[in-house]
1. Find the residue count for the range A:488-504, including only residues that are more than 10 Å from RNA strand B (Cβ to nearest atom), assigned to a loop (DSSP other than H, G, I, E, B) and under 30 Å from A:LYS409 (Cα atoms).
2. Restricting attention to the range A:63-86, and to residues there that are within 20 Å of the chain's Cα centre (by Cα) and open to solvent by less than 50 Å² (accessible area, probe 1.4 Å), which single residue is nearest to RNA strand B (Cβ to nearest atom)?
3. Given the condition touching a Leu at 6+ places or on another chain (Cβ under 8 Å), open to solvent by 50 Å² or more (accessible area, probe 1.4 Å) and within 14 Å of RNA strand B (Cβ to nearest atom), answer yes or no: does some residue in the range A:17-26 qualify?
4. Report yes if some residue within the range A:1-13 is open to solvent by less than 10 Å² (accessible area, probe 1.4 Å) and among the aromatic types (Phe, Trp, Tyr); otherwise report no.
5. Limited to the range A:1-41, what total is found for residues that are of a type in the set (Lys, Arg) and out of contact with any Lys or Arg (no Cβ under 9 Å at 6 or more places or on another chain)?
6. Starting from residues that are hydroxyl-bearing (Ser, Thr, Tyr) and more than 9 Å from RNA strand B (Cβ to nearest atom), keep the ones in the range A:283-337 and report whichever is nearest to A:PHE378 (Cα to Cα).
7. If a residue counts only when it is more than 13 Å from RNA strand B (Cβ to nearest atom) and open to solvent by less than 80 Å² (accessible area, probe 1.4 Å), which helices (runs of 4 or more DSSP H) contained entirely in the range A:87-198 have at least 1 such residues?
8. Scan the range A:446-501 residue by residue and report those that are open to solvent by less than 80 Å² (accessible area, probe 1.4 Å), over 44 Å from the mean Cα position of the chain (by Cα) and among the polar types (S, T, N, Q).
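The values are calculated or read from the model by the stated rules, or taken from the named source; none is laboratory data. Note that the structure is a prediction, hence the values are computed from the model and not measured. Note that each Cβ is placed from the backbone with ideal geometry, even for glycine, and that neighbours are counted across all protein chains shown. Note: accessible area is taken over every heavy atom of the protein model, side chains too, but ligands, DNA and RNA are not part of it. Shrake-Rupley method; radii C 1.70, N 1.55, O 1.52, S 1.80 Å.
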Amino acid sequence: MEHNLRVYNTLTRQKEPFKTVEPGKVGMYVCGPTVYKPSHLGHMVGPVIFDTVKRYLTYLGYEVKFVVNITDVDDKLIIEAPRQGISVSDLAERVTRDYVENLTKLNVTSIDLMPRATHHIGDIIEIIQGLITKGFAYPAAGDVYFDVTKDDDYGKLCNRDPEQLEAGARIEVSEKKRSPGDFALWKAAKPGEPAWDSPWGKGRPGWHIECSAMSTKLLGKTLDIHGGGLDLQFPHHENELAQSESYNGCTFANFWMHNGLMRIHSQASKIKDAKPRDDEPQKMSKSLGNEIVVHKLFERGIQPETLRFFLLATHYRRPIDYSEERLAEVGRGLDGFYRFFERFERINNKRNFYQPLPANVARGAGREGEFAVLRKRFLEHMDDDFNTGGAVGVLYELLTALNRFADAKQLEIGKGTADDVKAFEDGVIYLKELSQILGVFEKRPEEVKTDNASQQLVGGLMQLLIDLRAEARKAKNFALGDQIRKRLSELGVTLEDRAGGTNWRKD
RNA sequence: GGCCCCUUAGCCAAGCGGUAAGGCAGUGGAUUGCAAAUCCGCCAUCCCCGGUUCGAAUCCGGGAGGGGCCUCCA
């Protein structure tokens, strides 16, 4: 496979040339949510990033298997379910549905499997038993713990020294543990808790082990990419790594990718007792209670595509500060693209911009024209550790270049030569090709929900007003023409006079 | 206390040793009857102080400020 892709690896703290275990194939595992509360914006960062990662790898020719797990049994669920008066499994089901709906809206379509922890209890028990047999774990009164002192390179992902874990003394205290850094693989059930039979009695899996079990089961012993939020590095990923490598005796993941965290200024959130320095951004998290719930954002009319673009406009390893203003700003930037797509359809009314790409698009073909150069720069950014921020910048340059070209050749009034039109269409095809890598502009933005009859009526009335205004302007009665435009503007309708006629647009 | 990471224009942001992409906002112009849309122009020397180098936003050292993890967390 020929490419120049380099990927930053948390394990080595540097960018490395991307390689895979099996030629042409990629196994990618990303940690999904513990499903006890509706997803907030922070939960969307990883999926959008890794969806884009998969899109790019697929673009390069890889066959990618992308797994996102759902942790559906955990203390958090056990506490939350009774509060809502429902069972743990119903809670899990409800929250998972919310998660998936949000992902779908954000055009995260590339996930192949979403395994649930509770569907893999057998696999989990098998690994725990294996770890006990190999001497890496020990049962203790119905629990089972991983013994970090038996794992020579424990802490290698995060530079964590097991000795110093004691010094912290903030770790869960348990007299069952041999040393403070040990963590639970299996937890004995208290009465009324969800429980499964095991060699150590009724209980449930600890956190971390489900990921080791499901990733091995579904993707094999060595993952090409393991992803997740920066906050999962320790202890979650460190422990996953320790378990898996101790059990399988081989490298767990070749590339560890961690996305930056969504932050929010507490003033912008609804926290009552904000901390003294409430002007500094903080991580968005359920436990801090400052989260922006995704489905509420959609209910308020935020376009999913605006959100996706917002997430991709920054490099994935950096934190992103959320604010309403920022979202509105991104939306304004996006408008330029939507207007261009309409322009394209005016120029070539045979084609709908959102139609799929022709299958015969020859990638990398084409002259060293301006559009082709920009396309190349876009791909170079993606090769550089999936630098979507840089790529988005180039997409804007391509947009400007296309508008400039259409202006210069007066394509809108049919003045361009056949060659001009061809060159323009090639450029548009590049734009579509690159947009698809980012997972944007694949379908027309949602129209305001009105029934068909109303829409037709509005269209008819608008045409009536436009025609009347055209007559007034023809008669040089600009005062009347301007009045019509002004009154419409007050209603949120903008008129655009062009050579080919007048367009209208609702804000 | 330990371990990571960040600091670029009014705001967001790319940049990974060769003399600052892009977006939003602002502003001047082309176009327009006037607008809208579009295009063109203007708008930073990169937190501070040292050092390495012919050359540093980019490397090294120190300082200041901020974030994350060490406890559930995407």
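1. 1
2. Looking at the filtered set, the residue picked out is A:THR71.
3. yes
4. No, the conditions are met nowhere in the range A:1-13.
5. The number of residues fulfilling the criteria is 2.
6. Here the residue is A:THR306.
7. So the answer is A:88-105, A:121-133.
8. Result: A:ASN477, single match.
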